[in-house]
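Written out below as structure tokens is the structure these notes cover.
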Amino acid sequence: MESKEISRAVIKRLPRYYRYLGELLESGVERISSNELSDRMQVTASQIRQDLNNFGGFGQQGYGYNVKHLHAEIGKILGLDKMYHMIIIGAGNLGQALANYAQFEKWGFKVTGIFDVNPVLRGVSVRNVPIRMVEELPEYLKENETHIAALTLPKEHAREMAELVVANGVKAIWNFAHTDLKLPDDVVVESVHLSESLMQLSYNMSNYKKTGKNHSKQKKSF
């Protein structure tokens with residue numbers, strides 16, 4: 001298929017398709033129409049067809065979508081047909097919560113290392129992964145292939161740690177620190193600002209009280 005630019009909005013919807021299709025698979029559903037998927041996801045059927053047509057369509061007129069096949073194909077588009085080794089830097093509550101989330105491994109993201117500066121945590125295991133000290137990180141990265149570094153540490157240390165892992169070959173950063181990172185163009189950064197999400201929720205709550213309209217439900221494209 002010829003390479004084409006896919007909009008950010010479409011890419012943001014793909015994980016939702018993957019999740020809903022996974023739930024359908026678990027329920028034993030073998031095929032589904034765009035209209036039926038639309039009812040479940042609160043995205044218009046035409047939007048679903050347009051999104052999937054960006055990657056070849058996958059459906060058959062009068063038949064709909066083969067759930068298992070579509071789930072697998074979207075997984076490939078998302079890169080979930082590979083196994084990624086991920087380290088977590090910052091073993092506080094959030095870091096340990098991420099390490100404890102077993103679903104990540106089912107999606108192909110395996111936590112292989114956890115790092116912190118607190119000596120009290122040295123050797124503590126989270127799902128059989130021992131917490132190491134940050135000073136061990138450069139040597140660890142030299143000896144272990146690492147695809148992703150999740151930063152769950154205070155923002156004042158985030159840039160230093162990001163630059164350290166990038167200097168040691170890591171090309172993807174999952175950034176939970178409350179700061180924006182400036183890294184080389186060949187490094188992929190996905191920032192998760194929990195406070196901004198909470199502020200958006202606050203706005204929607206406040207707006208609903210004023211207008212009686214739930215704007216969070218009107219954003220059908222996400």
Is there a residue in segment 77-84 that is touching a strand residue (DSSP E or B) at 6+ places or on another chain (Cβ under 8 Å) and of a type outside the set (A, V, I, L, M, F, W, C)?
yes
Only unsatisfied item for Ser195, checking (1) surrounded by 11 or more Cβ atoms within 10 Å (Cβ to Cβ); (2) in contact (Cβ under 8 Å) with a residue 12 or more places away in the chain, is (1)
Scanning segment 158-187 residue by residue, the ones that are closer than 18 Å to Gly90 by Cβ and open to solvent by less than 90 Å² (accessible area, probe 1.4 Å) total 17
Note on segment 29-47: residues free of Cβ contacts under 8 Å to residues at least 12 places away in the same chain and either of a type in the set (Asp, Glu) or touching a Cys at 6+ places or on another chain (Cβ under 8 Å) (or both) are Asp39
Across segment 50-65, the tally of residues that are closer than 18 Å to Leu24 by Cα and modelled with pLDDT of 80 or more stands at 4
Of those in segment 7-60 that are within 19 Å of Ala72 (Cβ to Cβ) and among the β-branched types (Val, Ile, Thr), the residue most open to solvent (accessible area, probe 1.4 Å) is Ile11
Looking for something within 30 Å of Lys110 (Cβ to Cβ), of a type in the set (Asp, Glu), free of Cβ contacts under 8 Å to residues at least 60 places away in the same chain and buried (at least 18 other Cβ atoms within 10 Å of the Cβ) - is there at least one such residue anywhere in segment 63-78? yes
The residue that is farthest from Glu145 (Cα to Cα), considering only those in segment 103-117 that are open to solvent by 60 Å² or more (accessible area, probe 1.4 Å) and at pLDDT 95 or above, is Val117
How many residues of segment 19-75 are among the charged types (D, E, K, R), farther than 22 Å from Glu5 by Cβ and assigned to a helix (DSSP H, G or I)? The answer is 7
Tell me, yes or no, whether segment 128-142 has at least one residue that is within 23 Å of the chain's Cα centre (by Cα), modelled with pLDDT of 95 or more and among the acidic types (Asp, Glu). no
If we ask which residues in segment 96-127 are over 15 Å from the mean Cα position of the chain (by Cα) and not hydrophobic (A, V, I, L, M, F, W, C), their number turns out to be 11
Within segment 18-28, of all residues that are of a type outside the set (Gly, Ala, Ser) and touching a residue at least 12 places away in the same chain (Cβ under 8 Å), the one farthest from Asp81 (Cα to Cα) is Leu24
Item to complete: Could you please let me know if Asn100 is out of contact with any Asp or Glu (no Cβ under 8 Å at 6 or more places or on another chain) and either farther than 28 Å from Leu14 by Cβ or buried (at least 20 other Cβ atoms within 10 Å of the Cβ) (or both)?
Response: no
Conditions (1) in a strand (DSSP E or B); (2) surrounded by 13 or more Cβ atoms within 10 Å (Cβ to Cβ) -> Pro130 fails only (2)
Selection status of Ile88, open to solvent by less than 30 Å² (accessible area, probe 1.4 Å), in contact (Cβ under 8 Å) with a residue 40 or more places away in the chain and not in a loop (DSSP other than H, G, I, E, B): yes
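The values are calculated or read from the model by the stated rules, or taken from the named source; none is laboratory data. Note that the structure is predicted; figures quoted are calculated from it, not measured. In this analysis, Cβ positions are derived from the backbone assuming ideal geometry, glycine residues included, and neighbour counts consider all displayed protein chains. Just the protein is used for accessible areas: all its heavy atoms, side chains included, with ligands, DNA and RNA removed. Shrake-Rupley method; radii C 1.70, N 1.55, O 1.52, S 1.80 Å.
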